[in-house]
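The values are calculated or read from the model by the stated rules, or taken from the named source; none is laboratory data. Remember, it's a predicted structure, so these values are computed and weren't measured experimentally. Please note: Cβ atoms are built from the backbone with ideal geometry, for glycine as well, and neighbour counts cover all protein chains shown. Heads up: the accessible areas ignore ligands, DNA and RNA and are worked out on the full protein's heavy atoms, side chains in. Shrake-Rupley method; radii C 1.70, N 1.55, O 1.52, S 1.80 Å.
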Amino acid sequence: MLVYLFRENLYKLGNQYITLFAETAPNLVPSFLFTLVGIFYIAPILFKGLDVIHRPVFIWLINILNMTVFLLIEYLHVILKLGAWDNNDIIASLIGIFISTIIYYKIKKNFDEKHID
C-alpha cells in the first residue's frame, strides 16, 4: 500500500524521468540485489566446498538465472493478462545486473589485492 502511494505521488510530479524510474525500479532494484545476494550469500551456502566468490563462472550463472526470472515475469504478465510486455523493465533488469556485476568485480579485485600483499 505504501509503495503504491509513493509511486502515485511520483507520477503526479509530471517529470518523465521520475515516472520512468518509478515504473522500472521494481525491476532495477531486485535484479541488482539478486546478483549480489546470489554470489555473496546464496551460492556459498549451496556450494559449501567451493570458493564460489573467486570463480567468475558463478556470477555469470547467477546473471543468466536472474535474467531468465525477469523475462519469465514479463512473459507471465502477458500470458495472465496482468499487463503488457514492457521493454523498459527488461532494460532496467539488465542495468541492475550490469551494475551489480561491476560491483562484484571491484569487490573481488580489492579482496584479491589485500590477500596477495
* To do: Starting from residues that are touching a helix residue (DSSP H, G or I) at 6+ places or on another chain (Cβ under 8 Å) and among the polar types (S, T, N, Q), keep the ones in the stretch 71-117 and report whichever is surrounded by the most Cβ atoms within 10 Å (Cβ to Cβ).
  => Ser93
* Given the structure, is Lys48 open to solvent by 90 Å² or more (accessible area, probe 1.4 Å), part of a loop (DSSP other than H, G, I, E, B), more than 27 Å from Ala25 (Cα to Cα) and free of Cβ contacts under 8 Å to residues at least 24 places away in the same chain? -> yes
* Leu65 passes all but one of (1) in contact (Cβ under 8 Å) with a residue 12 or more places away in the chain; (2) hydrophobic (A, V, I, L, M, F, W, C); (3) open to solvent by less than 80 Å² (accessible area, probe 1.4 Å); (4) over 25 Å from Ile18 (Cα atoms); which number fails? -> (3)
* Can you pull out the residues in the stretch 1-31 that are at pLDDT 75 or above, out of contact with any Phe, Trp or Tyr (no Cβ under 7 Å at 6 or more places or on another chain) and open to solvent by less than 100 Å² (accessible area, probe 1.4 Å)? -> Thr24, Ala25, Pro26, Leu28, Val29, Pro30
* Structure fact -> Residue hits (the stretch 75-117; closer than 17 Å to Pro30 by Cα, at pLDDT 90 or above and either small (Gly, Ala, Ser) or not in a helix (DSSP H, G or I) (or both)) are Ala92, Ser93, Gly96, Ser100
